[in-house]
Amino acid sequence: MTILIFSVSAGKGHNKASETIKSYFEKHYSNVKVIIIDALKYIGPSFDKIVIGSYLIALSKKPIIYDKLYYYSEYKNGITVFTNKLNTLLSVKLKKVINNVKPDVIICTHPFPLEMISILKEKSKINIPLCTIITDYAPHTLWLYDNVDMYIIPNEDFINDLTQKGISKDIIYPYGIPISEEFLKPIDKIKARKELKLDEDAAIVLIMGGGLGMGNIKSIFEKIAFSSLNVQIIVCTGLNNKLKNQLEKIKSSSNKKILIYEYTDNVNLLMSASDILITKPGGLTIAEALIKNIPIIITSAIPGQEERNSNYLLNNGMAVRIRKSSNIVSIVNCLMKNKNKLNSMKEIEKEKAKPNAAEDICKLLIKYKKTCD
């Protein structure tokens with residue numbers, strides 16, 4: 001069996017979900033071959049650079065514009081008409097690699113290639129089962145297309161959203177966002193702290209800015225580093241080297257125990273050691289936090305999908321949010337003192353978590369292939 005996964009390097013979450021599926025198949029199925037292709041890079045490096053570059057500029061320089069585009073695209077207006085025409089032209093490029101690979105199933109972890117594959121199926125250019133893994137806690141219309149055979153969604157809470165938008169309940173699978181098996185290994189908090197050479201008793205605050213190290217991390221870090229809170233700090237700056245250098249300077253003047261990491265694959269250890277997570281609400285980070293039952297403080301949500309992720313967490317009592325970094329010390333202090341609130345957040349996270357997502361998705365694909373045969 002051959003599975004072809006199309007992803008896009010907009011942030012890290014789409015690629016991480018793809019890699020998790022590939023890793024699970026390689027570990028547990030000897031007769032399954034998985035190929036991951038970055039759809040935009042395959043179409044053309046220049047095109048990828050323009051699209052992803054524009055995306056990053058919009059997020060960092062003009063987030064309100066990105067927010068408006070995200071909002072209006074929900075309603076299938078001129079924006080989606082344009083993207084449909086563009087993706088119709090670009091879909092021909094993907095057909096070439098599909099013909100070469102000859103997959104039994106196609107998976108998309110980003111809406112751009114999903115629409116392209118849907119178009120190819122609609123035009124009868126290919127006839128291959130199509131599965132999409134929605135990697136945010138917000139089923140935006142851009143994820144919803146004809147000719148999709150399997151919709152993997154974060155959990156049961158979103159079934160009604162999809163059925164109201166015309167998706168048959170029979171093809172909706174609330175299996176969750178796939179997380180690496182390594183991440184699922186339980187690590188005792190004391191052992192995790194010893195491994196990190198941190199104190200066993202003092203609380204630990206983990207600050208994350210996603211793979212790109214975006215948001216007001218510097219301000220939050222500085223406020224906590226020079227506060228009277230009895231905490232230790234772990235911070236992940238992602239691929240943002242400038243931010244890492246800035247935090248190292250601040251660290252040198254603080255009396256707290258502080259660990260600063262660039263992009264790391266050891267999030268399981270870091271979350272296992274920590275008591276509170278301060279993060280921008282990317283889909284993969286949320287999925288990991290729910291599995292680790294770590295209370296979340298939301299900051300620096302990207303307009304659009306991450307705003308909706310935030311709303312989901314807040315509406316279900318799994319997180320609190322700060323709008324201004326100047327409030328971070330008081331919010332951390334209040335949470336640390338309110339054990340009932342912390343325990344309640346953890347219990348809800350446990351209920352919403354989907355630790356077996358990768359296994360369930362892989363089993364579904366195997367079963368679907370056998371049914372088709």
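The values are calculated or read from the model by the stated rules, or taken from the named source; none is laboratory data. In this text the structure is predicted, and so the values were computed from the model without any measurement. All Cβ positions, glycine included, derive from the backbone under ideal geometry; neighbour counts span all protein chains shown. Surface areas here come from the heavy atoms of the whole protein model, side chains and all, with no ligands, DNA or RNA. Shrake-Rupley method; radii C 1.70, N 1.55, O 1.52, S 1.80 Å.
Before moving on, here are some points about what is shown:
- Of the peptides 17-28, 324-335, 155-166, the order by per-residue mean of other Cβ atoms within 10 Å, starting with the highest, comes out as 17-28, 324-335, 155-166.
- Set of aspartates and glutamates with alpha-carbon distance to K95 below 15 Å, sequence-local pairs under 8 removed: D38, D104, E115, E122
- Stretchable slack from S326 to E359, in nm (0.36 nm times residue separation minus alpha-carbon distance): 7.7 nm
- Angle of helix 45-61 to the longest C-alpha principal axis of the chain, folded into 0 to 90 degrees and rounded to 10: 40°.
- Rounded to the nearest 20 debye, the dipole size of the chain about its Cα centre is 800 debye, using +1 on the Cβ of Lys and Arg and -1 on the Cβ of Asp and Glu.
- Solvent exposure of segment 124-216 as accessible area per residue, Å², 1.4 Å probe: 43
- Cut-off 11 Å between beta-carbons: net charge of the residues surrounding A202, Lys and Arg +1, Asp and Glu -1: -1
- Computed helical MRE - 222 nm, the chain, DSSP H runs ≥ 4 contributing -39500 (n - 2.57), nearest 500: -15500 deg cm²/dmol
- A protection proxy built from the mean count of other Cβ atoms within 10 Å ranks the segments 229-237, 315-323, 265-273, most packed first, as 229-237, 265-273, 315-323.
- Among (i) 18.4; (ii) 16.7; (iii) 19.3, the entry that matches mean projected area of the Cα convex hull in nm² as calculated here: (i)
- DSSP beta bridge pairing in the chain, given as percent antiparallel to the nearest 5: 0
- Multiplying the residue separation of S252 and K350 by 0.36 nm and subtracting their alpha-carbon distance yields 31.5 nm.
- Within the straight-line cut-off of under 16 Å between alpha carbons, the aspartates and glutamates reachable from K244 are E222, E262, sequence neighbours fewer than 8 places apart in one chain being disregarded.
- Modelled this way, with points 7 Å down the Cα-to-C-beta line, the labels at N343 and L239 are 4.3 nm from one another.
- Highest average first, the peptides 339-352, 297-310 ordered by how many other beta carbon atoms sit within 10 Å of their residues are 297-310, 339-352.
- Cα pair distances in segment 237-359, grouped into 10 Å bins until the bin that holds the longest one, percent each: 12, 40, 38, 10, 0
- Out-of-range pairs (alpha-carbon distance over 20 Å; input K185/K369; K194/K256; K197/K354; K16/K324; K223/K256): K185/K369; K197/K354; K16/K324
- Carbon and sulfur %, accessible surface of the chain computed with the full protein complex present, 1.4 Å: 50
- A simple count of charges around K27, restricted to other residues whose Cβ falls under 13 Å of its Cβ and scoring Lys, Arg +1 and Asp, Glu -1, yields -4.
- Taking the C-alpha atoms only, the angle from helix 305-315 to the longest principal axis of the chain is near 60 degrees.
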